[in-house]
Amino acid sequence: MNNENLKNKYSGKFIVLDGPDGCGKTTQVKLLAQWLNEQGVSTECFRDPGDTAIGEKIRQILLNPEHIAMSTAAEVLLYMAARAQLWEEKIAPALTQKKCAILDRWLSSTCAYQGYAGGFGINQVIQLATDSLKMPWPDLTIILDVDLETSANRLQDKPDRMEAKSREYHQKVREGFLKLARRQKNFLVVDATGDIETVQKKILQLISEVGFT
Ligand code: TMP
């Protein structure tokens, strides 16, 4: 695909990279944005939760290891609140300017963590998102799939409140992502167990080949 086609294809598109903790999505978001910029596609990257003053405060509440009492329902509502703010303040304006918005996590995370692993229910999370977000589903979601051993080796020694949850919880998070990818449109799964360059190549191949429905 030449640069002009790629530019047309990705301008004003909403792309999400998501997956279990330690899947490498933050690195891959940066590399993808860099590559798209080199192809002439104007991009903006955001992390969810975060990247707004309100969202960063909500993120601190969510990830503070002292907040062990937080219920799954409270998690769902706080993640969704940060996301609604991020859409309004940052993503919608970027898309209006025909930029390609690349997100580090999105609704798929709430489905996998709180909906599936936390037991809130994937359908219940989606219902809430449909009622509270203007664009619950991105144009494309790429799930970076890793096993627990690989992700544990990639994580830092001081886990945040979500990373500190049990092995069983994180196993279910992975299953939740794969389950969601099977049932949702515009979801692709990449094996992210390889090194950074190998995973990047796989992502770029999908980005070049995928068609939007
Ligand atoms: P991050 O460090 O990858 O930015 O994500 C912060 C943590 O929050 C990570 O452990 C995953 C978790 N999380 C959820 O549990 N639900 C969500 O909806 C999102 C976006 C993240």
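Any read-out appearing in this document is the output of simple, stated calculations on the displayed coordinates, not a laboratory observation. Model, not experiment: these values are computed from the prediction. Glycine gets a Cβ as well: all are built from the backbone with ideal geometry, and neighbour counts include every protein chain shown.
What the table below lists for this structure:
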| read-out | value |
| --- | --- |
| Scope segment 34-58; condition within 16 Å of the ligand (Cβ to nearest atom) and touching an Asp or Glu at 6+ places or on another chain (Cβ under 9 Å); matching residues | C45, F46, R47, D48, P49, G50, D51, T52, I54, G55 |
| Enumeration of residues in segment 141-150 that are of a type outside the set (D, E, K, R), in contact with a Lys or Arg (Cβ under 8 Å, 6 or more places away or on another chain) and either buried (at least 19 other Cβ atoms within 10 Å of the Cβ) or part of a loop (DSSP other than H, G, I, E, B) (or both) | L144, V146 |
| Evaluation of G194 against (1) more than 22 Å from S11 (Cα to Cα); (2) touching a residue at least 12 places away in the same chain (Cβ under 8 Å) (one fails), failing number | (2) |
| Count of residues meeting criterion [within 10 Å of the ligand (Cβ to nearest atom) and more than 16 Å from the chain's Cα centre (by Cα)] in segment 158-168 | 5 |
| Failed criterion for E38 (all others in (1) within 18 Å of the chain's Cα centre (by Cα); (2) free of Cβ contacts under 8 Å to residues at least 12 places away in the same chain hold) | (1) |
| Members of segment 127-140 that are assigned to a helix (DSSP H, G or I) and either surrounded by fewer than 14 Cβ atoms within 10 Å (Cβ to Cβ) or at positive phi (or both) | Q127, T130, D131 |
| Given (1) within 13 Å of the ligand (Cβ to nearest atom); (2) within 11 Å of the chain's Cα centre (by Cα), number of the condition L140 does not satisfy | (1) |
| Answer residue from segment 56-65, given it is without any contact (Cβ under 8 Å) to a residue 60 or more places away in the chain and out of contact with any helix residue (DSSP H, G or I) (no Cβ under 8 Å at 6 or more places or on another chain) and is nearest to R105 (Cα to Cα) among those | E56 |
| From E56, E44, E66, E89, residue being acidic (D, E), over 24 Å from H170 (Cβ atoms) and not in a helix (DSSP H, G or I) | E44 |
